[in-house]
Amino acid sequence: MQDIKVYEDKMNKTLDNLAGEYGTIRAGRANPHVLDRIRVDYYGTSTPIQQVGNVSVPEPRMLLIQPWDKTQLKAIEKAILTSDLGINPTNDGSVIRLMFPELTEERRKDLAKDVKKKGENAKVAIRNIRRDANDTFKKMEKANEISEDDLEEATDKIQKLTDKMIEKVDKAIESKTKEIMTV
């Protein structure tokens with residue numbers, strides 16, 4: 001009998017990816033994960049910000065980046081400015097501060113739409129995994145590797161798994177939207 005664990009792992013990776021994307025969406029509070037995708041030119045090597053300095057949250061709406069090598073302040077500042085973060089860094093010669101402004105109602109709604117869109121993309125990915133699984137099972141049945149009953153059981157299992165994963169995505173969308181809309 002074809003094991004659905006492979007497809008479950010793929011669906012879980014989709015959920016993990018969604019959680020990672022949601023981590024980079026700022027909800028009016030400083031979150032070090034917004035810097036995850038930003039890379040600094042560190043002596044000719046593209047390096048994540050977290051590897052060139054210490055990132056801390058001294059206040060709810062401030063990130064503090066303390067580079068281990070003070071000569072990298074300009075490179076870190078440049079990386080933040082060229083990113084899609086939309087925040088101007090403040091450099092005082094030893095640390096870089098990022099102040100997160102309060103989100104406007106309109107910006108919150110835009111972010112909520114973005115959250116929903118990313119969630120819908122995750123659902124589509126999960127459904128595609130289900131389709132691939134069902135296609136594999138049908139091919140196996142045609143090749144007489146599994147019986148019709150096995151095919152029916154496998155498609156039933158994959159459907160239940162898909163429903164469970166879609167429910168998890170819906171919960172993630174709901175909780176992230178609630179987090180964004182809370183003033």
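Points to keep in mind about this one:
- Placing a pseudo-label 7 Å from each Cα along the Cα-to-Cβ vector at D150 and D69 gives an inter-label distance of 5.8 nm.
- Rounded to the nearest 20, the size of the Cβ-charge dipole of the chain about its Cα centre is 740 debye, with Lys and Arg at +1 and Asp and Glu at -1.
- Taking Cβ atoms as reference points and 14 Å as the exclusive limit, the residues near K70 contribute a net charge of -2, counting Lys and Arg as +1 and Asp and Glu as -1.
- Label-to-label distance for K178 and K142 is 4.6 nm, based on points extended 7 Å past Cα in the beta-carbon direction.
- Förster-model FRET efficiency, 22 Å R0, K113 and K13, C-beta, rounded to 0.05: 0.35
- Percent carbon-and-sulfur accessible area, the chain, ignoring ligands, DNA and RNA, probe 1.4 Å: 48
- Solvent-accessible heavy-atom area per residue, rounded to whole Å², over the chain at 1.4 Å: 59
- Förster radius 22 Å - calculated FRET efficiency between D36 and E102, Cβ distance, rounded to 0.05: 0.45
- Partner aspartates and glutamates whose Cα lies under 12 Å from the Cα of K160, excluding those fewer than 8 positions away in the same chain, are identified as E8.
- Placing +1 on each Lys and Arg Cβ and -1 on each Asp and Glu Cβ, with no other charges, gives the range 1-68 a dipole about its Cα centre of roughly 200 debye.
- Cleavage-rule hits (GluC sites (Glu not before Pro)) in the range 1-108: DSSP loop, at most 12 neighbouring Cβ within 10 angstrom: E102
- For K142, the lysines whose Cα falls under 20 Å of its own Cα, not counting residues fewer than eight places away in the same chain, are K157.
- Cα centre as origin, Lys/Arg/Asp/Glu Cβ charges: the range 88-159 dipole, Debye: 540
- Rounded to the nearest 10 degrees, the angle from helix 148-181 to the longest Cα principal axis of the chain is 20 degrees.
- Mean projected area of the Cα convex hull of the chain, taken over all directions, amounts to 13.1 nm².
- For K109, the lysines whose Cα falls under 28 Å of its own Cα, not counting residues fewer than eight places away in the same chain, are K13, K117, K118, K123, K164, K168, K171, K176, K178.
The values are calculated or read from the model by the stated rules, or taken from the named source; none is laboratory data. The model shown is predicted, which means the values in this text are computed figures rather than measured ones. Cβ sites come from the backbone with ideal geometry, for glycine too, and all protein chains shown count toward neighbours. Just so you know, the surface numbers come from the protein's heavy atoms only, side chains and all, with ligands and any DNA or RNA stripped out. Shrake-Rupley method; radii C 1.70, N 1.55, O 1.52, S 1.80 Å.
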